[in-house]
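The values are calculated or read from the model by the stated rules, or taken from the named source; none is laboratory data. Just so it is clear, the structure is predicted and the values come from calculations on it, not from any experiment. With ideal geometry, Cβ positions are generated from the backbone for all residues, glycine too; neighbour counts draw on all protein chains shown.
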């Protein structure tokens, strides 16, 4: 048997396989059952955990003394009151100017990549784990509280579940007054925002290089741990609250506080990598704004919650769904494909065609593609960039329409 705790992959360093967990007892049982039925001998005996996921050499938990990735506060972007000075003595007359006045032009800006703390981000979280309906922080030691996963591994709240920061990226070419999209990226296990999402997986760079009118939000999930817990995204309306708070931050970061309404109604594309499947699935199911989600991209990430993905696909035919997978997650992807075909939903199995409203695409990648590098190399190099390019090239796709200014749209 290959329990799910061995298949969910760390995105940073590879831990003891027994420490990996899905936080979903039902998923563990289903994967154990299906794994025992596999007919592929190579999967069963020809690959060790160390072969699949060699331990990478990365810097420790950021930030270190040599790093300059500073967290930004909202006050850093608020208009500053000018220091009042004594006006110079005015002449008793005014000189008429014959030179035309050059209209003011906003100076060009660079890409903005920063960390912002948000109350509605995944953690800290003090609610229940919906898989057991028991408190998520289910263990204590003195004044410390922690979460014991199904594998038996204990993660402490102050070390693993206390980071409320969100990686925000605004490309220099982004224009809030044009049709745009917000990309929400849920990273996998064993990751940090700087070391992995920014520097190794190059998610902000892929968004900028695509040329799409898109911004990025990447909340920190469990910090550098073999854990997929969704935190506040487990809660009904949790994803809606996160996007509402993000709209205000994005408006300030782009220098136009009046643009908050545009961000609050802008279409959303959710990208879930590996263990990021869990917050993705729950955001679609109970997040409160699934109609704003016009696209879902899963990168080797279907480890469970098939019913939630199938339900969103069936009820949101104007959006698109892409799942790319390796042989380690192939069984679950094929099961979801079968579920969708039984519902009469057409499924494509390559990324050669354009993305259209209602596109449902599953792409299997070969043995030379590793799970650990999947965000930068899947069916193509920089797969997130490829999705955004295809999305931008399809004028009929609902994502490309101008962000609605109708306040009622945000409550859907």
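Odds and ends about this structure:
- Among the residues of segment 138-148, those that are surrounded by 15 or more Cβ atoms within 10 Å (Cβ to Cβ) and either part of a loop (DSSP other than H, G, I, E, B) or in contact (Cβ under 8 Å) with a residue 24 or more places away in the chain (or both) comprise 138, 147.
- Hey, residue 226 touching a strand residue (DSSP E or B) at 6+ places or on another chain (Cβ under 9 Å) and assigned to a loop (DSSP other than H, G, I, E, B) or not: yes
- Single match in 295, 238 (criterion: over 23 Å from residue 373 (Cα atoms), in contact with a helix residue (DSSP H, G or I) (Cβ under 9 Å, 6 or more places away or on another chain) and modelled with pLDDT of 95 or more): 238
- Criterion: over 20 Å from residue 245 (Cα atoms) and surrounded by 15 or more Cβ atoms within 10 Å (Cβ to Cβ) - qualifying residue of 164, 132, 120, 151: 151
- Qualifying positions in segment 255-276 - closer than 22 Å to residue 197 by Cβ and either in contact with a strand residue (DSSP E or B) (Cβ under 6 Å, 6 or more places away or on another chain) or free of Cβ contacts under 8 Å to residues at least 60 places away in the same chain (or both): 266, 267, 268, 269, 270, 271, 272, 273, 275, 276
- Restricting attention to segment 162-183, the residues that are closer than 17 Å to residue 121 by Cβ and in contact with a helix residue (DSSP H, G or I) (Cβ under 8 Å, 6 or more places away or on another chain) total 7.
- The numbered conditions (1) part of a helix (DSSP H, G or I); (2) within 29 Å of residue 205 (Cβ to Cβ) are all true for residue 363 except (1).
- Against the test of being in a strand (DSSP E or B), modelled with pLDDT of 95 or more and within 13 Å of the chain's Cα centre (by Cα), the options 184, 197 yield a single qualifying residue, 184.
- Residue satisfying all of: in segment 245-287; outside any helix (DSSP H, G or I) and over 17 Å from the mean Cα position of the chain (by Cα); nearest to residue 224 (Cα to Cα) among these: 254
- Failed item, numbered, when residue 126 is tested on (1) touching a helix residue (DSSP H, G or I) at 6+ places or on another chain (Cβ under 9 Å); (2) in contact (Cβ under 8 Å) with a residue 12 or more places away in the chain; (3) more than 15 Å from residue 228 (Cα to Cα): (2)
- Residue in segment 211-222 that is under 24 Å from residue 278 (Cβ atoms) and in a helix (DSSP H, G or I) present: no
This table checks each residue for (1) surrounded by fewer than 16 Cβ atoms within 10 Å (Cβ to Cβ); (2) within 15 Å of residue 317 (Cα to Cα); (3) modelled with pLDDT under 90.
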{"residue": "341", "(1), (2), (3)": "yes, yes, no"}
{"residue": "346", "(1), (2), (3)": "yes, yes, no"}
{"residue": "351", "(1), (2), (3)": "no, no, no"}
{"residue": "378", "(1), (2), (3)": "no, no, no"}
{"residue": "395", "(1), (2), (3)": "yes, no, yes"}
{"residue": "406", "(1), (2), (3)": "yes, no, yes"}
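- Positions within segment 127-137 being over 12 Å from residue 233 (Cα atoms) and outside any strand (DSSP E or B), in sequence order: 131, 132, 133, 136, 137
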